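So the structure is just underneath, and the comments pick up after that.
The values are calculated or read from the model by the stated rules, or taken from the named source; none is laboratory data. Values in this document were obtained by computation on a predicted structure and should not be read as measured data. For neighbour counting, all protein chains shown are included, and Cβ atoms are generated from backbone atoms with ideal geometry for every residue, glycine included. We work out accessible area using only protein heavy atoms, side chains counted, and drop any ligands, DNA or RNA first. Shrake-Rupley method; radii C 1.70, N 1.55, O 1.52, S 1.80 Å.
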Amino acid sequence: MVKPFTYLAAGLMTPAIAMGASFSDPLTELDNQTWFLADGWENGFPFLNRWTKEQALFTNEGLTLTLKNTIDNHGYKDVVSGEIRSYGYYGNGCFEVEMKPVKADGVVSAFFLFAGPYDQPEGGNGIHNEIDIEFLGMNTNLVQLNFWTNDDNYEQHNEYIHYLDFDASEDFHTYAIEWNKNTIKWFIDGELVYRVRNTDDQPIPMKSDSRLRIMMNVWATNPQISNWAGTYDETTGLEHSAHFRNFKYTRSRCKNNE
């Protein structure tokens, strides 16, 4: 989830790369021709944290995004976290990453595709479109799959809960979104777990409306939505890390193990 009023100064300096081309990235270092780190802004409700590039760490093991409770320069409580965003906007295809989310109440770890009023590709309609894989830290034996179509007011309710036969926070698993004009499919470790077909009653995002930015983040939830994600512990010094590695985008269908 990204609220539509996110500030995006960094996105104004898009490098000259092949937008929408297939690519893969182990996420062991920042490829600054493909990605940039959220830095210096906050989303507002329902996010408690602001974004800083210091909360992203690249190692030989992949990307770690850390949510941390700290004290700012004025002595006030501060919650900071990390987010990575693609410069490019991508059309239909298969988006996948290996991921290990946070297990903690009030923390959401996410891998998703997004466009909106402040994240608008050339030729895009500038309206909120999004496809999500979100882990709610209060129970990492399940994952929430979701999408919004041309919905700036976040009025749609397309979320689906998939129950896992493992605790996602304990090890890496591969999560994938297949997006085309007829369906959205979600895969876990190569297995199709959920599918939504495009219908008049429940339209899915269309590439013709907007291509979508690739994003990964971890964020703290406002207590007002504790019934969804749990109550976040704001104890100073507490930190939580989500891990990502081996991202891949292909302009084709996802491989299905079935």
Restricting to aspartates and glutamates and to Cα separations under 16 Å from LYS103, and discarding same-chain partners fewer than 8 apart, the set is GLU134, ASP165, ASP167, GLU170, ASP171, ASP233, GLU234, GLU239
As straight-line cross-link partners of LYS185, the qualifying lysines (C-alpha separation under 22 Å, not fewer than 8 residues apart within one chain) are LYS100, LYS207, LYS248, LYS255
With a 1.4 angstrom probe the carbon and sulfur portion of accessible area for the chain, in percent, totals 44 percent
Straight-line reach check, LYS77, cutoff 17 Å on alpha carbons, 8 or more apart in-chain or any other chain, hits among lysines -> LYS68
The size of the Cβ-based charge dipole (Lys, Arg +1; Asp, Glu -1) of the chain about the Cα centre, to the nearest 20 debye, is 640 debye
Checked against the positive end of the charge dipole of the range 167-247 (+1 on Cβ of Lys and Arg, -1 on Cβ of Asp and Glu, about the Cα centre), the farthest of GLY190, THR235, SER169 is GLY190
The answer for the chain, accessible area per residue at 1.4 Å probe in Å², is 45 Å²
Output for the chain (equivalent-ellipsoid semi-axes, sqrt of 5λ from the C-alpha gyration tensor, Å, descending) is 26, 21, 19
The answer for GluC sites (Glu not before Pro) in the range 141-216 that fall in a DSSP coil and have at most 15 neighbouring Cβ atoms within 10 Å is GLU155, GLU159
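What 222 nm value per residue comes from the helices of the chain, counting each DSSP H run with n ≥ 4 as -39,500 (n - 2.57) and dividing by all residues, nearest 500 deg cm²/dmol? Show your work: numbers first, answer last.
Values: 1 runs with 4 residues, N = 258.
My calculation for the chain gives 0 deg cm²/dmol from helical runs alone.
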SASA check, HIS74, accessible area w/ 1.4 Å probe, all protein chains in place, rounded to nearest 10 Å², comes out at 150 Å²
Trypsin sites (Lys or Arg not before Pro) in the range 52-110 lying in a DSSP loop, each with at most 10 other Cβ atoms within 10 Å of its Cβ, come to none
